[in-house]
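Worksheet for the structure shown next.
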Amino acid sequence: MSSDAHCPGDVVVIGIGNPFRRDDGVGVAVAARLSAQRLPGVRFAVSDGEAAGLIELWEGARLAVVIDALCTEPSTPGRIHRRSVGDARDTDFGEAVELARILGRLPRRLVLFAVEAKDMGFGPGLTPAVAAAAGRVAAEIANQVAIAA
């Protein structure tokens, strides 16, 4: 799914997670769904969430959209959180944002979609609530990318 072509000023959608850890694969599922739509001017990638790798994937992008699972207590599986770069510090994602800020390697605009997970155990497939949320997130991102084009 990851494209080798990287052009400054483009849009990148990055799905974080492991599709063999149930709901942890929501980011990968959303990126795959959007990749299948072949949105013009958009690159797609998957990541394990490691900070340096994320920074490399979004470097030079006009818009970077990152999708990840979120574990909360108490949890409402499938609840969607949308955050911009300014308020991403309270997530695991915040380390990558802070490092990119220090290095001057943030994209012009960075948006995180986090979906509350129910099951992070071993096995493929999203739980029903998270799968439904993945569809809603994909639709919102497709809309946002169309506006940004």
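Since every read-out is calculated from the coordinates, none of them should be taken as a lab result. This is a predicted model, so every value here is computed, not measured. When we count neighbours, we look across all protein chains shown, and the Cβ atoms used for this are built from the backbone with ideal geometry, even at glycine.
Remarks
- Average Cα contact separation per residue, the range 55-149, under 8 Å, 6 or more apart, as relative contact order %: 40 percent
- Candidates GLY41, VAL130, VAL26 compared by Cα position along the dipole of the chain: farthest toward the positive end lies GLY41, with charges placed on Cβ.
- Extending 7 Å from Cα along the Cβ direction at ALA148 and again at SER84 yields two label points whose distance is 1.3 nm.
- Taking amide hydrogens as placed 1.01 Å from N in the peptide plane, the amide H of VAL13 sits under 5 Å from those of ARG43, PHE44, ALA45, VAL65, each at least 5 positions away in sequence or on another chain.
- Helical runs (DSSP H, four residues minimum) scored at -39500 (n - 2.57) apiece and divided by the length of the chain put the mean residue ellipticity at 222 nm at -10500 deg cm²/dmol.
- The HN-Hα couplings worked out from phi for the range 134-148 by the Karplus form 6.51 cos²θ - 1.76 cosθ + 1.60 (θ = phi - 60°) are 4, x, 5, 5, 4, 5, 5, 5, 4, 5, 5, 5, 4, 5, 6 Hz, whole numbers, x standing for Gly and Pro.
- Dividing the C-alpha radius of gyration of the chain by 2.2 N^0.38 Å, with N its residue count, gives 0.96.
- Share, in percent, of DSSP beta bridges within the chain that are antiparallel, nearest 5: 20 percent
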